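Here the structure is laid out as structure tokens; the discussion comes afterwards.
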Amino acid sequence: MINVSQARKIILKNISPVKETELINLDSCSGRVSAVDIRAKENIPPFDNSAMDGFAVRAEDSAGAARENPRVFEVISDLAAGYTTAKKIGNNQAIRIMTGAPIPKGADSVVMAEDSQKVSSKRKEEFVRIFREVKKGENVRYAGEDVKKGEVVIRKGDILKSGYIGMLASLGVSKIKVYRKPKAAILATGDELVEINQRLVPGKIRNSNTYSLYAQAQRAGAVPVFLGIARDERKELEQKIRKGLRADMLLVSGGISVGDYDFVKDVLKKLGTTMKFWRVAMKPGKPLAFGMIDKIPIFGLPGNPVSSMVTFEQFVRPALLKMTGAKEIFRFHLPAIFREDFQKKMGLRYFLRVVLENKNGTLYASLTGPQGSGILKSMVLANGIMELPEELENLRPGDTAQVTYLD
Ligand code: AMP
Ligand code: MG
């Protein structure tokens, strides 16, 4: 039996990213994986502009300005965001400027409106008192200070989060080349299973794994494909597994253990699967098979609903993400303080379903309740998974362990 790290290594070694790309609109690219590096063709911002509502001035004219020692400036114009002015600021002159408006000629800084006061005057000209000295460049946003023309803003393999999408919009990019989504076919197995719209009769349960796996695959950036339920019968398994080989990856749930009707492994072998492993030292999820038919990776996932979801999370998710072309395929680990007592078996890596809670900046984890591999509620309640290393024997309240946050 191999351990979790070895299993992950074997799986990832066998997974290749999809090659095909598609050009899609910006409004539908959220969460997709960029297939290209994108360089800025323009500066962001495109021109020097004001970071504040206030007065554009020459900093040297404000030298020494203070509440008790105001400097008076002549206001020669108003400038709103979206407009330009041909006017140039001279000595002791100012232009009333709004956030985002271009810095007028002659000005090098902006005094905040809060540091000024209008001078009441009967004359035609308008004057303003300035109560604070500004430094050259103060409250000015310079052209290119966010992004410089020529700079790479998105790299091949980046998952397009909202920030990237806003960035692309700023740069006038309306379409982006992304990798196509890999297809993950999902087959449930078991004579006890009925579909969710069927009536339960004694001895039967509903097929839930297909649906949790479907959702998990979607969230990992794949297109899930339903293959339905196969009876624990070699012919039917074979026929449905063959169908699954049209996808980029095949997930078979159940039938991989050592029970009398666990034929999945036999059928996979018959179909020419090179089995890479079929048991992993972990809990939940020990019976987990991985193999390849040609270039198609095949996972035999344990039938127990929690084991199915946990093994997906630990192995299938990174594999699918790698297929999508994404560079970041693992979740972030954080230390959390455990609140309970837990006994574990040496030699197995445990994946506890926990509720994470941030208390004054410290992360705490409590069990969701019973941790049996059939207790699907543990996945419902969990917002985190706590990973206990193989060599650990038990965990006491106050002990620290690594967790991942499930968003
Ligand atoms: P197996 O791995 O086929 O031995 O199944 C282990 C346990 O998981 C059994 O109690 C099955 O009834 C249950 N199980 C298997 N497949 C599913 C499924 N698709 N949905 C819900 N439970 C399942
Ligand atoms: Mg079964």
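The values are calculated or read from the model by the stated rules, or taken from the named source; none is laboratory data. Note that the structure is a prediction, hence the values are computed from the model and not measured. A quick note on method: Cβ atoms are made from the backbone with ideal geometry, for glycine too, and the neighbour counts reach across all protein chains shown. Accessible surface is based on the protein model in full, side chains and every heavy atom, while ligands, DNA and RNA are left aside. Shrake-Rupley method; radii C 1.70, N 1.55, O 1.52, S 1.80 Å.
Scanning segment 385-407 for residues that are in a strand (DSSP E or B) and open to solvent by less than 50 Å² (accessible area, probe 1.4 Å) yields a count of 8.
Given the structure, is residue 179 within 22 Å of the chain's Cα centre (by Cα), more than 16 Å from ligand 2 (Cβ to nearest atom) and crowded, with 18+ Cβ neighbours inside 10 Å? Yes; evaluated as a whole, the condition is true for this residue. Residue pairs whose Cβ atoms lie under 6 Å apart, sitting 6 or more positions apart in sequence or on different chains, and linking a residue in segment 224-236 that is more than 20 Å from residue 182 (Cβ to Cβ) to a partner that is surrounded by fewer than 17 Cβ atoms within 10 Å (Cβ to Cβ), are 230/236; 231/191; 232/191; 232/261.
Identification of strands (runs of 3 or more DSSP E) wholly contained in segment 310-374 with 2 or more residues that are among the β-branched types (Val, Ile, Thr) yields 349-359.
Taking segment 266-309 as the range and being more than 16 Å from ligand 2 (Cβ to nearest atom) and part of a helix (DSSP H, G or I) as the test, the residues that pass are 269, 270, 309.
Restricting 168, 187, 193 to those that are closer than 24 Å to residue 301 by Cβ and in contact with a helix residue (DSSP H, G or I) (Cβ under 7 Å, 6 or more places away or on another chain) reduces the list to 187. Is there a residue in segment 28-42 that is without any contact (Cβ under 8 Å) to a residue 12 or more places away in the chain, open to solvent by 50 Å² or more (accessible area, probe 1.4 Å) and closer than 30 Å to residue 329 by Cα? Yes, that holds for at least one residue. When residues in segment 204-232 are screened for being open to solvent by 70 Å² or more (accessible area, probe 1.4 Å) and either within 16 Å of ligand 2 (Cβ to nearest atom) or under 11 Å from residue 251 (Cα atoms) (or both), 5 of them pass. Residues in segment 375-384 that are under 18 Å from residue 302 (Cα atoms) and not in a helix (DSSP H, G or I): 375, 376.
Got a sec? Which of 290, 263 is touching a Lys or Arg at 6+ places or on another chain (Cβ under 8 Å) and open to solvent by 10 Å² or more (accessible area, probe 1.4 Å)? On inspection, the qualifying residue turns out to be 263. Being in contact with a strand residue (DSSP E or B) (Cβ under 7 Å, 6 or more places away or on another chain), of a type in the set (D, E, K, R) and more than 11 Å from ligand 1 (Cβ to nearest atom), is that true of even one residue in segment 293-310? Checking segment 293-310: not a single residue is in contact with a strand residue (DSSP E or B) (Cβ under 7 Å, 6 or more places away or on another chain), of a type in the set (D, E, K, R) and more than 11 Å from ligand 1 (Cβ to nearest atom).
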